[in-house]
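Asks: First the structure, then my questions, so here it is.
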Amino acid sequence: MDIRQEFVNVCEQKGNARKESAPLVPDDATLLFTNAGMVPFKTVFTGEIPAPTPPRATSSQTCIRAGGKHNDLENVGFTNRHHTFFEMLGNFSFGDYFKEEAIAYAWEFITEVLKLPVDKLWVTVHDSDDEAQEIWEKHIAADRIMRLGDADNFWQMGDTGPCGPCSEIFYDQGAEHFNSLEDKMGGEGDRFLEIWNLVFMQYERDASGTLNPLPKPSIDTGMGLERVVAVMEGKISNYDSSYFMPLIDEVSTLSGKKYVYDEGASFRVIADHIRAVSFLIAQGVNFDKEGRGYVLRRILRRAVRHGYLLGIKEPFMFKLVDTLGDIMGKQYPYLIEKSDNIKEIIRLEEQRFFKTIASGLELFSKELVNTKEVFSGEVAFKLYDTFGFPLDLTEDMLKEEGKRVDIDAFDALMKSQRERAKAAWKGSGDDAVSGDFKALLEQFGHNEFIGYTTLNAHVEVLALLDERYQRVDVLNAGDKGWIFLDKTPFYAQSGGQVGDSGEIVGKAKILDTKKFFELNLSEVEVYDSLKVGERVEVAVSATRKEIQRHHSATHLLHSALKEILGSHVSQAGSLNDDKRLRFDFSHPKALSVEELEKIEVFVNDAIANGLEAKTEIMSIQEAKNSGAMALFGEKYGDEVRVVSVGEVSKELCGGTHVNNAAEIGAFFITKESGVSAGVRRIEAVCSRAAYAYAKEIRENFLKVASEVKNTDPLLGVNRLKSEIKTLKSEIQSLQSSTKAELTFANIAGVDVAVEVVESGDIKTMIDELKNQKESLAVLLLQKKGDKVMMAAGVKNAPAKAGAWIKEVAPIVGGGGGGRDDFAQAGGKDASKINEAKAKALAFIKATLS
């Protein structure tokens with residue numbers, strides 16, 4: 001089915017005039033590109049031009065979102081459905097049909113033409129839109145309609161102008177694919193996919209914010225073609241559909257690398273960006289240093305950089321133009337007609353960029369080694385000025401590393417450079433691959449990890465790197481650096497498990513082990529020289545056993561959480577070292593004491609029962625079919641390791657583990673806390689760390705028992721609590737017995753007292769006086785070190801305690817207030833307490849007289 005054509009044909013049958021896709025460069029000074037289907041009709045909706053005849057239309061509009069306010073560039077390739085270029089199917093009514101027809105047309109197309117199952121469809125309406133709710137109930141069950149607020153279901157063009165509620169149609173992609181807490185209707189997850197938005201433009205918002213009903217309300221609907229095609233083809237990702245896979249397959253051919261979705265962001269970036277680049281060039285946009293041409297350059301160079309990551313070291317984007325023509329040329333013939341021109345323009349721009357990209361990436365990599373959080377603005381500027389890296393390309397690469405650029409320094413250099421010509425960079429003269437991990441990959445490929453079966457080995461030193469990751473032939477005594485072995489028993493940090501430490505027997509300490517571009521490298525501290533090419537004996541530290549015990553305990557904990565809290569639990573992060581484990585998971589609230597106890601019991605039962613642990617190698621599909629848990633966000637190859645502990649745990653995992661749960665020894669939860677909204681964290685210990693934890697608790701227990709002088713500390717603590725309670729009671733009695741006798745004066749029938757009291761609770765005193773007196777005005781002051789406390793109470797008298805306090809408190813450098821019948825305050829200057837007393841008495845006399 002050609003969904004694009006089916007849509008416009010059906011809408012045309014409803015009297016909507018078919019409109020060709022408008023140019024990507026709109027006739028609108030406020031927009032960089034056409035970014036929505038309604039943009040060509042904007043002046044109609046705003047009333048700047050009359051409605052066309054007929055006053056209804058339909059189109060499949062090409063759109064770009066890669067600059068300005070609507071910019072999806074940084075998300076492209078890393079999500080299922082963000083694109084720089086996309087097509088928006090839409091039907092529009094300019095004061096003609098309204099909600100009844102718009103909803104009916106949408107429902108008819110989705111259920112009768114596309115034949116999407118009704119039990120997969122959901123609808124949202126604005127929480128104030130009873131009319132839309134009532135209309136929708138003619139088509140779909142009320143319990144499949146959700147009301148949402150302005151943030152989700154109200155559309156407006158700007159701060160003023162046409163606006164109104166909207167209604168969105170969602171497609172349920174299935175719980176089997178999504179299991180986070182946000183994968184619900186109204187949530188932020190991807191399970192419920194918005195496929196069509198119906199905007200009901202029924203108001204005009206004026207400058208004051210008032211919504212005024214429009215005499216002829218309009219309709220603006222938008223349905224992303226790429227999303228619908230993916231849904232119809234049964235794809236979770238737009239990129240897996242027939243609109244993108246031919247391009248991805250061609251990238252795979254050009255790179256010589258197989259496309260695997262979880263590792264394929266670069267393939268998707270390229271497949272998306274060739275669409276945007278080709279259409280913009282076909283429509284007359286050229287590469288430039290500013291404006292739309294600069295956005296075009298940014299898109300192409302971002303794609304080229306991702307091609308470089310795939311190993312493509314020569315112009316290649318232009319080679320994808322013909323494949324794009326095969327996919328979209330029938331609908332947009334100008335892609336084929338202008339293909340030779342498009343290819344040549346792209347090839348020349350790629351050629352310019354490839355002249356500098358290798359050196360630029362080398363400079364970036366060298367500076368990245370020195371970067372903790374903030375990347376040098378000077379280096380970012382050099383990348384821009386000398387190597388042609390747009391700033392956001394550098395920011396994009398840093399985002400992958402969790403770092404950011406010093407933007408202030410960059411801007412300062414940019415400003416000064418505008419007055420000067422660019423300085424041509426001649427290069428450093430160094431070997432272009434020196435210090436680059438790519439050199440190791442090109443020469444040796446990935447080294448083999450043998451640590452699943454052995455902790456000791458005789459191996460060859462293939463390469464040495466200094467602390468800046470540059471290759472050296474020798475590391476001498478006292479040096480630190482990195483060693484690359486032909487095969488290694490040292491596990492590299494990944495999957496939450498820390499990297500191994502150990503030794504190169506007689507030569508160096510292994511401090512840590514990490515992966516760099518899938519190369520397994522160990523950090524060394526040398527005490528005898530190491531040379532490239534020599535064979536050495538290596539040994540993994542005994543801490544590995546403790547690490548893997550914590551890792552296996554983490555698997556049992558994960559199963560316990562799902563069993564006790566529910567299947568909604570999913571891993572959100574973990575850490576396993578030799579002293580502890582940390583496990584982050586999705587859950588909406590703090591765990592109760594009872595839940596934590598059940599989790600501990602679950603894990604310790606598995607340990608006590610000595611459940612066998614085993615590892616199997618199988619295909620990813622076999623693993624999933626076997627019921628193994630695959631963690632969201634993890635990357636898996638064609639073959640995976642499946643780790644099982646008895647019948648209680650089964651997960652895809654590349655880490656190291658015990659052979660039997662009994663090796664874990666014991667398991668204690670040490671802390672439960674919140675990480676962020678909907679994410680909880682459990683910290684725990686096992687094995688030797690569990691013994692140390694229990695030993696510390698026992699020692700503290702004995703110390704408490706000694707302090708409270710009771711072999712049963714609880715009895716001792718309860719005895720102390722009882723004694724404290726008795727002492728408090730005695731203190732209160734003592735304070736009451738030493739209360740000052742207050743002197744009262746009767747003023748206009750009101751008992752008045754203003755006194756400084758030495759001890760007691762002045763608030764309690766005032767409360768007691770209110771119970772004793774029929775008509776009362778009292779203000780008490782009390783020194784508290786060098787500060788002053790005061791309180792006033794009024795009962796059945798023409799005075800206000802709050803006003804009284806506000807009048808007096810400033811004298812002692814304080815402030816306060818309260819109700820008419822009671823108020824209190826504090827002050828900083830106790831030396832003026834008598835002056836405050838005099839002021840209080842004068843005020844109340846004047847008030848009552």
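Asks: Are any of the residues in the range 279-289 farther than 25 Å from Cys63 by Cβ and either aromatic (Phe, Trp, Tyr) or touching a Cys at 6+ places or on another chain (Cβ under 7 Å) (or both)? Working first, answer last.
Replies: Of all residues in the range 279-289, those farther than 25 Å from Cys63 by Cβ come to none.
No, that holds for no residue.
Asks: Of all residues in the range 482-497 being in a loop (DSSP other than H, G, I, E, B) and either surrounded by fewer than 21 Cβ atoms within 10 Å (Cβ to Cβ) or among the basic types (Lys, Arg) (or both), which is modelled with the lowest pLDDT? Spell out how you get there, then give the answer.
Replies: Our first condition is that a residue be in a loop (DSSP other than H, G, I, E, B); within the range 482-497, this holds for 486, 489-493, 495-496.
Cutting the leftovers down to either surrounded by fewer than 21 Cβ atoms within 10 Å (Cβ to Cβ) or among the basic types (Lys, Arg) (or both) gives us 486, 493, 495.
Working: Asp486: 95, Gln493: 93, Gly495: 87.
This residue is Gly495.
Asks: Could you please give the count of residues in the range 445-468 that are open to solvent by 70 Å² or more (accessible area, probe 1.4 Å), in contact with a Lys or Arg (Cβ under 6 Å, 6 or more places away or on another chain) and either among the hydrophobic types (A, V, I, L, M, F, W, C) or in a loop (DSSP other than H, G, I, E, B) (or both)?
Replies: Of the residues in that region, 1 qualify.
Asks: Also, quick follow-up: Which condition from (1) assigned to a strand (DSSP E or B); (2) touching a Lys or Arg at 6+ places or on another chain (Cβ under 8 Å); (3) open to solvent by 10 Å² or more (accessible area, probe 1.4 Å) is the one that Pro217 breaks?
Replies: (2)
Asks: Now for a different question. Please enumerate the residues belonging to the range 568-623 that are of a type in the set (Val, Ile, Thr), open to solvent by less than 80 Å² (accessible area, probe 1.4 Å) and modelled with pLDDT under 95. If you could, list the steps in order and put the result at the bottom.
Replies: Taking the range 568-623 and keeping what is of a type in the set (Val, Ile, Thr), we get 569, 593, 599, 601, 603, 607, 615, 617, 620.
Narrowing the set further to residues that are open to solvent by less than 80 Å² (accessible area, probe 1.4 Å) leaves 569, 599, 601, 603, 607, 615, 620.
Answer for the range 568-623, where residues must be of a type in the set (Val, Ile, Thr), open to solvent by less than 80 Å² (accessible area, probe 1.4 Å) and modelled with pLDDT under 95: Val569, Thr615, Ile620.
Asks: Residue check: is Phe170 open to solvent by 20 Å² or more (accessible area, probe 1.4 Å), among the hydrophobic types (A, V, I, L, M, F, W, C) and modelled with pLDDT of 90 or more?
Replies: Working: open to solvent by 20 Å² or more (accessible area, probe 1.4 Å): yes; among the hydrophobic types (A, V, I, L, M, F, W, C): yes; modelled with pLDDT of 90 or more: yes.
Judged against the criteria, Phe170 is a match.
Asks: Next question. Anything in the range 816-838 that is without any contact (Cβ under 8 Å) to a residue 40 or more places away in the chain, in a strand (DSSP E or B) and open to solvent by 50 Å² or more (accessible area, probe 1.4 Å)? List them, or say none.
Replies: Correct list: Gly818 only.
Asks: Let me ask you something else. What is the residue count in the range 749-767 for residues that are surrounded by 15 or more Cβ atoms within 10 Å (Cβ to Cβ) and not aliphatic (A, V, I, L, M)?
Replies: So the first thing to find is which residues in the range 749-767 are surrounded by 15 or more Cβ atoms within 10 Å (Cβ to Cβ), and the list is 750-757, 760-762, 765-766.
When the remaining residues are screened for being not aliphatic (A, V, I, L, M), the result is 751, 755, 760-761.
Here the count works out to 4.
Asks: Can you name the condition, by its number, that Glu537 falls short on among (1) in a helix (DSSP H, G or I); (2) in contact with a His (Cβ under 8 Å, 6 or more places away or on another chain)?
Replies: Glu537 satisfies every listed condition except (1).
Asks: Same structure again: Kindly indicate whether Lys515 is in contact with a Gly (Cβ under 9 Å, 6 or more places away or on another chain), of a type outside the set (Asp, Glu), surrounded by fewer than 23 Cβ atoms within 10 Å (Cβ to Cβ) and free of Cβ contacts under 8 Å to residues at least 60 places away in the same chain.
Replies: Values: in contact with a Gly (Cβ under 9 Å, 6 or more places away or on another chain): yes; of a type outside the set (Asp, Glu): yes; surrounded by fewer than 23 Cβ atoms within 10 Å (Cβ to Cβ): yes; free of Cβ contacts under 8 Å to residues at least 60 places away in the same chain: yes.
Judged against the criteria, Lys515 is a match.
Asks: Limited to the range 543-572, what total is found for residues that are more than 24 Å from the chain's Cα centre (by Cα) and under 18 Å from Tyr691 (Cα atoms)?
Replies: Looking only at that region, the number is 11.
Asks: Same structure, new question: Say we look at the range 538-559 and pick out the residues that are aliphatic (A, V, I, L, M) and over 17 Å from Ala613 (Cα atoms); which of these is most open to solvent (accessible area, probe 1.4 Å)? Working first, answer last.
Replies: We begin by selecting, within the range 538-559, every residue aliphatic (A, V, I, L, M); these are 538-540, 542, 547, 553, 556-557.
Those left that are additionally over 17 Å from Ala613 (Cα atoms): 538-540, 542.
Working: Val538: 0, Ala539: 15, Val540: 18, Ala542: 82 Å².
Filtering the range 538-559 for residues that are aliphatic (A, V, I, L, M) and over 17 Å from Ala613 (Cα atoms), the one most open to solvent (accessible area, probe 1.4 Å) comes out as Ala542.
Asks: Working only within the range 635-672, note down all residues that are in a strand (DSSP E or B), within 19 Å of Leu596 (Cβ to Cβ) and open to solvent by 30 Å² or more (accessible area, probe 1.4 Å).
Replies: Scanning the range 635-672 gives Phe668, Thr670, Lys671, Glu672.
Asks: Across the range 386-444, what is the total count of residues that are modelled with pLDDT under 75, under 25 Å from Val76 (Cβ atoms) and open to solvent by 80 Å² or more (accessible area, probe 1.4 Å)?
Replies: Selection size over the range 386-444: 0.
Asks: Can you find, within the range 131-152, the residue that is farthest from the chain's Cα centre (by Cα) among those that are under 15 Å from Gly186 (Cβ atoms) and in a helix (DSSP H, G or I)? Reasoning before the result, please.
Replies: Taking the range 131-152 as the starting set, the residues that turn out to be under 15 Å from Gly186 (Cβ atoms) are 143-152.
From the residues that got through so far, the ones that are in a helix (DSSP H, G or I) too are 143-144, 150-152.
On the way: Asp143: 31, Arg144: 29, Asp150: 23, Ala151: 19, Asp152: 19 Å.
Out of the qualifying residues, it is Asp143.
Asks: Which of (1) of a type in the set (Gly, Ala, Ser); (2) under 23 Å from the mean Cα position of the chain (by Cα); (3) open to solvent by 50 Å² or more (accessible area, probe 1.4 Å) is the odd one out, the single condition Ser208 does not satisfy?
Replies: The number of the failed condition is (2).
Asks: Among the residues of the range 610-627, how many are touching a residue at least 60 places away in the same chain (Cβ under 8 Å) and within 32 Å of the chain's Cα centre (by Cα)?
Replies: Kept after step one, since they are touching a residue at least 60 places away in the same chain (Cβ under 8 Å), are these residues of the range 610-627: 613, 615.
Next, only the ones that are within 32 Å of the chain's Cα centre (by Cα) stay: none.
Residues meeting the conditions: 0.
Asks: Going through the range 798-815 one residue at a time, which ones are outside any loop (DSSP other than H, G, I, E, B) and open to solvent by less than 40 Å² (accessible area, probe 1.4 Å)?
Replies: Within the range 798-815, Ala801, Gly802, Trp804, Ile805, Val808, Ala809, Ile811, Val812 qualify.
Asks: Can you name the number of the only condition in (1) on the phi > 0 side of the Ramachandran plot; (2) of a type outside the set (Ser, Thr, Tyr); (3) surrounded by fewer than 15 Cβ atoms within 10 Å (Cβ to Cβ) that Glu176 fails?
Replies: It is condition (1) that Glu176 fails.
Every residue, every condition in (1) of a type outside the set (A, V, I, L, M); (2) surrounded by 11 or more Cβ atoms within 10 Å (Cβ to Cβ); (3) part of a loop (DSSP other than H, G, I, E, B), yes or no:
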site: Ile682; (1), (2), (3): no, yes, no
site: Tyr691; (1), (2), (3): yes, yes, no
site: Glu696; (1), (2), (3): yes, no, no
site: Glu699; (1), (2), (3): yes, no, no
site: Lys709; (1), (2), (3): yes, no, yes
site: Leu720; (1), (2), (3): no, yes, no
site: Glu723; (1), (2), (3): yes, no, no
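The values are calculated or read from the model by the stated rules, or taken from the named source; none is laboratory data. The structure displayed is predicted, hence computed values, not measured ones. Cβ sites come from the backbone with ideal geometry, for glycine too, and all protein chains shown count toward neighbours. These area figures cover heavy atoms from the full protein model, side chains too; ligands, DNA and RNA do not enter into them. Shrake-Rupley method; radii C 1.70, N 1.55, O 1.52, S 1.80 Å.
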